[in-house]
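J.: The structure that follows is given in the form of structure tokens.
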Amino acid sequence: MLSLEQARRLVQMLDELVENLAHTTMCAEEIRAMAYAKLHGNQPGRNESGDALFEGLFSLDQRPRADHTTLSVVWAGKQCYLGSTVLFRLADRLTRRPNHFATESDLLRDVWDGDKKTPSTIRSSIRYLKQRLQEAGMDDLAAAIQCEDGMYALLLGQ
């Protein structure tokens, strides 16, 4: 029989698995789009050639990422060291699912491990993360972190 703590851990692991699978699906769709563009030229409604689209999507600096080795956000040839902090976990959560809004309860579960925090804690952490990114010369990335109706997202290519 599972203990309550084991059941909570299983739910947390399943949530992480679902999130990782969604991210993997998004990457697979991008790869499929690149291959399609390479094989068939540009897609309807696009102005660029297939090669330009292919090269642009293949850029390693295209999508920001949280580097778990250096505990930094890496993007566009720049690095913002955050250390083993709530800010790093918040950046990690936002970069794993760009263009997807996370509710406050999602963030509390994923970043603060379910600890009871107030919405103002999330807002101040977002504000401080954006400030740290700006200090590292990542103004565009900081500006891409948006809030709508109490939900937060890293909106890329919008």
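The values are calculated or read from the model by the stated rules, or taken from the named source; none is laboratory data. Remember, it's a predicted structure, so these values are computed and weren't measured experimentally. Every residue, glycine as well, gets a Cβ built from its backbone with ideal geometry; the counts of neighbours run over all protein chains shown.
J.: If I go through segment 110-158 residue by residue, how many of them are touching a helix residue (DSSP H, G or I) at 6+ places or on another chain (Cβ under 7 Å), of a type outside the set (A, V, I, L, M, F, W, C), closer than 25 Å to Asp15 by Cα and outside any loop (DSSP other than H, G, I, E, B)?
T.: Summing the residues that are touching a helix residue (DSSP H, G or I) at 6+ places or on another chain (Cβ under 7 Å), of a type outside the set (A, V, I, L, M, F, W, C), closer than 25 Å to Asp15 by Cα and outside any loop (DSSP other than H, G, I, E, B) in segment 110-158 gives 4.
J.: How many of the residues making up segment 8-30 are loosely packed, with under 12 Cβ neighbours inside 10 Å and either modelled with pLDDT under 70 or of a type outside the set (Ser, Thr, Tyr) (or both)?
T.: Here is the first cut: in segment 8-30, the ones loosely packed, with under 12 Cβ neighbours inside 10 Å are 10-11, 13-14, 17-18, 21, 24-25, 27-29.
The next check asks that each one be either modelled with pLDDT under 70 or of a type outside the set (Ser, Thr, Tyr) (or both); those that pass are 10-11, 13-14, 17-18, 21, 25, 27-29.
Qualifying residue count for the region: 11.
J.: For segment 99-127, name all the residues that are in contact (Cβ under 8 Å) with a residue 60 or more places away in the chain and over 24 Å from Glu5 (Cα atoms).
T.: Listed by number, the list holds a single entry, His100.
J.: Next question, about the same structure. Mind checking which residues of segment 110-144 are modelled with pLDDT under 90, of a type in the set (D, E, K, R), surrounded by 12 or more Cβ atoms within 10 Å (Cβ to Cβ) and out of contact with any strand residue (DSSP E or B) (no Cβ under 9 Å at 6 or more places or on another chain)?
T.: The one that is modelled with pLDDT under 90, of a type in the set (D, E, K, R), surrounded by 12 or more Cβ atoms within 10 Å (Cβ to Cβ) and out of contact with any strand residue (DSSP E or B) (no Cβ under 9 Å at 6 or more places or on another chain): Lys117.
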